[in-house]
Amino acid sequence: MRPSFVLGLALAVVASASTWFYVDRILRTQQIADAAVHSRPRGNLSDLYPRWLGARELLQHGRNPYSAEVTREIQQGYYGRPLDPARPNDPKDQQGFAYPVYVVFLLAPTVELPFDAVKIGFRWLLVGLAAGSILLWLSILRWKASFGTMLILIVLVLGWWPMVQGIKLQQLSLLVAGMLAACGASITGGWLLLAGGLLALATIKPQLAWPLVLWLLLWAASDWRSRRRLVFGFGFVMLLLLGGAQLLLPGWLRMFVEAIRQYHQYTQNQSVLIWMFGSIAGRILEAASVILCAISIWPVRKAPATNPEFGQASALALALTVLIVPMFAPYNQVLLVPAVLALLQSEVSRDPVLPAIRLARAVGCLLLVLPSIATVGSSMGYLGLVPAVREQVWHLLFLYSNFLVPIFILGLALLHTWGSQRSQPRTLRDNAPAE
């Protein structure tokens, strides 16, 4: 066993363990105390629960999961009691069923089970998906990493702040991220029908899926004869989902749109760019980000899936998603994993880059590890830290990591995609063999 591997694995374990310790022993305790002071309700706090209960009520009792009555029952389990508008300290998030109704088809096998069992099983499913997604994206990016490197990457990702939050909350964003990784791996493996079906299933969170959907449909259309099965698989499964949903709950699309409108109204969610730069400048930057990504991706549309550029373009589309989606929750940043892996691959391969880009990568790396540094320090000083210091650690985790990391990663991914295209002969890209 090489000393470098032992040291790297030890550091990865310490970083990941400290994040879990911080969440379980420090942050959770702090949140419970704060909730008690402000009479704020705390129930199971599982983001899976509203979807699970809505699916159970629809499939077993034919009740509308978007209805106010079901929403109050969701609040009873999620918060421990229904929310009271007369209490100013009650949470603003109503926890309504703000998903396409066809999500119930994925949850159908669990509705007969007690939620406690479903919760445990789903948590381990997310852990497995997180580890498996690393292996899938390494394959998509054509990075033949050693076993030691893969193990260290898996440990680091399992202890990364957005991943830990997603697993603790049992967020379906992690399920979508896993399906998108499986979709990409299916494409590189030549199983285009399967890839299209997985892509359709990932639209249970449409705001997280649509940039990659657009990119993959463009890629398929650029070589229709050999890639059309991807579109057929996507279209067929989407028809099944939409048609089945309409049969199950006629008029559900109108209810879903209204639920989304209400969700954004009571949560006041915004994209990372709008939160950072304001409404006008943020929207301009969103549009600029979309245009720059489209320009960077366009030359790759003819590349075969076995070309690393395909994986880099897919990673870029997911990094764009995190920046423009109207929500800045940290768990959505799990979609940055493929872009981070592509940048790590470039560093390990010693690809030639400009000094300014290398400096920007160093800053991005610092921002990525900043939460781990904070949690290691707070965990080591657990007994001696006063609440005010713990609060400062939380702000360090949230503000710097949550808002700066997506911006840096997208910028670095754009530069990396552009640089990869420049370093590869044009004739090799345009005359790539069909799959």
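Look at (1) modelled with pLDDT of 95 or more; (2) of a type in the set (A, V, I, L, M, F, W, C); (3) surrounded by 18 or more Cβ atoms within 10 Å (Cβ to Cβ) and you find that A221 fails only one, number (3). I'd like the full set of residues that are surrounded by fewer than 21 Cβ atoms within 10 Å (Cβ to Cβ) and either in contact with a helix residue (DSSP H, G or I) (Cβ under 6 Å, 6 or more places away or on another chain) or of a type in the set (A, V, I, L, M, F, W, C) (or both), limited to segment 228-239. If the condition is that a residue be surrounded by fewer than 21 Cβ atoms within 10 Å (Cβ to Cβ) and either in contact with a helix residue (DSSP H, G or I) (Cβ under 6 Å, 6 or more places away or on another chain) or of a type in the set (A, V, I, L, M, F, W, C) (or both), then R229, V231, F232, F236, V237, M238, L239 are the ones that fit.
One residue stands out among those in segment 1-57 that are assigned to a helix (DSSP H, G or I) and of a type in the set (S, T, N, Q): the one that is surrounded by the fewest Cβ atoms within 10 Å (Cβ to Cβ), which is S4.
Residues of segment 240-251 that are buried (at least 19 other Cβ atoms within 10 Å of the Cβ) and over 23 Å from G196 (Cβ atoms): L249 alone. Just one residue in the set V237, V231 is under 24 Å from V290 (Cβ atoms), assigned by TED's automatic domain parsing to the domain that holds T306, in a helix (DSSP H, G or I) and not hydroxyl-bearing (S, T, Y); that residue is V231. Whether a residue is more than 24 Å from T203 (Cβ to Cβ), surrounded by fewer than 22 Cβ atoms within 10 Å (Cβ to Cβ), free of Cβ contacts under 8 Å to residues at least 60 places away in the same chain and of a type in the set (A, V, I, L, M, F, W, C) was assessed, and A86 passes this test. For segment 349-365, the set of residues classified as touching a residue at least 40 places away in the same chain (Cβ under 8 Å) and part of a helix (DSSP H, G or I) consists of I357, A360, R361, V363, G364, listed by residue number. Report yes if L323 is modelled with pLDDT under 95, of a type in the set (A, V, I, L, M, F, W, C) and crowded, with 21+ Cβ neighbours inside 10 Å, otherwise no. For L323, the condition - modelled with pLDDT under 95, of a type in the set (A, V, I, L, M, F, W, C) and crowded, with 21+ Cβ neighbours inside 10 Å - is met. Within segment 171-203, the only residue that satisfies the criterion of being among the polar types (S, T, N, Q) and either over 20 Å from A131 (Cα atoms) or not assigned by TED's automatic domain parsing to the domain that holds G244 (or both) is T203.
Only a single criterion out of (1) farther than 19 Å from S401 by Cα; (2) surrounded by 16 or more Cβ atoms within 10 Å (Cβ to Cβ) is not satisfied by R283, namely (2). In this structure, V127 does not qualify as modelled with pLDDT of 95 or more and either under 30 Å from R63 (Cβ atoms) or buried (at least 18 other Cβ atoms within 10 Å of the Cβ) (or both). In segment 221-235, the count of residues that are at positive phi and either polar (S, T, N, Q) or touching a residue at least 24 places away in the same chain (Cβ under 8 Å) (or both) is zero.
The values are calculated or read from the model by the stated rules, or taken from the named source; none is laboratory data. Keep in mind it's a predicted model, so treat the numbers as computed, not measured. Virtual Cβ from ideal backbone geometry, glycine too; neighbours counted across all protein chains shown.
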